[in-house]
Amino acid sequence: MRYPSIDILRTVAIAVMVLVHFAENLAGVGLPIAGMGAPLFAFLSGVSYYLWSDSRRAKGTSDREISRISVRRGLFVFGVGIAYNILVWLPEDTFNWDVLTFIGVALLLLNSMRGLPVQVPIMIAVMSLWISPVLREMVEYDAYWVNRYFDYEWTLSDVCIGFLSTGYFPIFPWLSFSLAGFVTARWLFDRIPEKTSDGMTVPSSEATFSLWPMVGVGAGMLATSLLALLSRPYLNADISERLIEGWSMFPPSIPYVLGMLGVIVILFAAVHQYVDRNATFRSHTHFLEITRRFSQYSFSLYILHHLAHVWPLWIYGLANGQETTYYWRQAMPVANALVLAVIFLLVCYVVLAKLSNVRNYGMEASMRWLCD
């Protein structure tokens, strides 16, 4: 079953990332919404993986075959992520550990969580979050970030350190977002049969879903994040600066991760309640068709939106006899960059609408063909 809530939220994530990246890479301006798109995207990777594996199991696919396909998919996304780094950010940034490489690894790890009690992924997510500032302190995180971007040496130790804790999207703590999405999906969509008085069998989670427990969990995360930020002036300097670190996406601090998870969990529960379970809203077929198209091709759009605005920077720099990255973050005013971002989204919608009956294009089709 396809849930409109997931399409809507993934469309929001893609739109936010397009706007943020155009503004940052073309104009050097950070938008207020920066830091919202990637957590939502990572969270939804966990949700989608649970629903995909659950649907496979419902169709009779064996756990062994699901595991094989999961591994192939994870390796495919990881490999595409490495190729994307080379082609978009140039070979010197092959191992900057972007969103795609992280999601590829997350899919491999989520595959091992399918048959485990829900307490296990929750515990791993908590450990991933709490260990991350310790790892950053051990490897001197700031030494890897010069002029606001990740800078590493081509050594095995630097590559591994970047993968684990200092890259753009390292395993620790970003794995917490995917695991949280996986656990949330199990909570909402678990197909445990329940007998009704007339003998019919219905999914118990669908029959008994209540919005407020999830809102309570999200609010608890937000409150913990806020409490951690407010307590910083009263704590020991080592704890305040090295463990809590304030609100920061690079590095992803504990308050940032908890705060974003809280917002996402509340948002996901609310959209599920008022969209998926609301027949009146589901009658808005045109709006839902738009979000479905963007959601279905989010993998392709993530790559394409970088090609559409970063490659022209490199080409224009070379054409003018400059360094390849000369115009990066200083190509145009932010207003122009945002206009280009909106135009890009509109063009993508028109193209996707024209190709609505075609299913054999894009990274998604390639992954299905190679992995499934």
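The values are calculated or read from the model by the stated rules, or taken from the named source; none is laboratory data. Bear in mind the structure is a predicted one, so any value in this text is a computation, not a measurement. All Cβ positions, even for glycine, are placed from backbone atoms using ideal geometry, and neighbour counts span all protein chains on display. Just the protein is used for accessible areas: all its heavy atoms, side chains included, with ligands, DNA and RNA removed. Shrake-Rupley method; radii C 1.70, N 1.55, O 1.52, S 1.80 Å.
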**In sequence order, calculated HN-Hα J values of the stretch 321-328 (Karplus, 6.51, -1.76, 1.60; Hz; x Gly/Pro)** = x, 9, 4, 3, 9, 4, 8, 4
**Prompt:** Can you work out D for the stretch 94-172 in µm² s⁻¹ from Stokes-Einstein, where Rh is the Kirkwood radius over C-alpha pairs, the temperature is 10 °C and the viscosity is 1.306 mPa s?
**Reply:** 117
**Asked** Across the stretch 339-350, in residue order, what do the Karplus-derived ³J(HN,Hα) couplings come to in whole Hz, using 6.51 cos²θ - 1.76 cosθ + 1.60 with θ = phi - 60° and x for Gly and Pro?
**Response** 4, 5, 4, 5, 4, 4, 5, 5, 4, 4, 4, 4
**Message:** Run the simple label-point estimate for I86 and V350 please: 7 Å along Cα→C-beta, distance reported in nm.
**Reply:** 3.4
**Request:** Could you calculate the FRET efficiency of S366 with V134 from 1/(1 + (r/R0)^6), where r is the beta carbon distance between them and R0 is 41 Å, rounded to 0.05?
**Result:** 0.60
**Complete:** In nanometres, the difference between 0.36 nm per residue of separation and the alpha-carbon distance of S55 and T224 is 57.3 nm
**Candidate residues L100, L90: accessible-area rank, largest first, probe 1.4 Å** = L90, L100
**Prompt:** So what are the ³J(HN,Hα) numbers for the stretch 92-100, from phi and the Karplus equation (6.51, -1.76, 1.60; θ = phi - 60°), rounded to whole Hz, Gly and Pro as x?
**Reply:** 5, 10, 4, 10, 8, 6, 8, 4, 5
**Cα extents of the stretch 39-170 along the three principal axes, largest first (Å)** = 51, 34, 26
**Request:** Give me the number: length gained by fully extending V339 to V118, i.e. 0.36 nm times residue separation minus the C-alpha to C-alpha distance, one decimal in nm.
**Result:** 75.1 nm
**Request:** Would you kindly find the accessible area of Y361, with a 1.4 Å probe and non-protein molecules such as ligands, DNA and RNA excluded, rounding to the nearest 10 Å²?
**Result:** 50
**Prompt:** Ignoring ligands, DNA and RNA, how do W212, W52 rank by accessible area with a 1.4 Å probe, largest first?
**Reply:** W212, W52
**Prompt:** Extension gain D63-Y326, at 0.36 nm per residue separation less the Cα-Cα distance, in nm?
**Reply:** 89.6 nm
**Request:** Compute the signed sum of charges (Lys and Arg +1, Asp and Glu -1) over the other residues within less than 12 Å, Cβ to Cβ, of L243.
**Result:** -1
**Helical contribution to [θ] at 222 nm, DSSP H n ≥ 4, -39,500 (n - 2.57), averaged over the chain, rounded to 500** = -21000 deg cm²/dmol
**Complete:** Listed residues A331, A143, A341; largest mean-square fluctuation, Gaussian network over the chain with Cα springs below 10 Å, found at A143
**Message:** Once ligands and nucleic acids are excluded and a 1.4 Å probe is used, how much of L304 is accessible, expressed in Å² to the nearest 10?
**Reply:** 80
**Asked** Between rounded, prolate and oblate, where does the stretch 326-372 land on the alpha carbon gyration tensor, with a ≥ b ≥ c its root eigenvalues, rounded for a/c under 1.5, else prolate if a/b exceeds b/c?
**Response** oblate
**Message:** Counting only other residues whose beta carbon sits under 12 Å from that of I86, what net charge do I get with K and R as +1, D and E as -1?
**Reply:** -3
**Of R282, R148, R68, the one that fluctuates the most in a GNM where the chain has Cα springs shorter than 10 Å** = R148
**Request:** Express in whole angstrom the spacing between the alpha-carbon centres of the stretch 245-268 and the stretch 9-51.
**Result:** 14
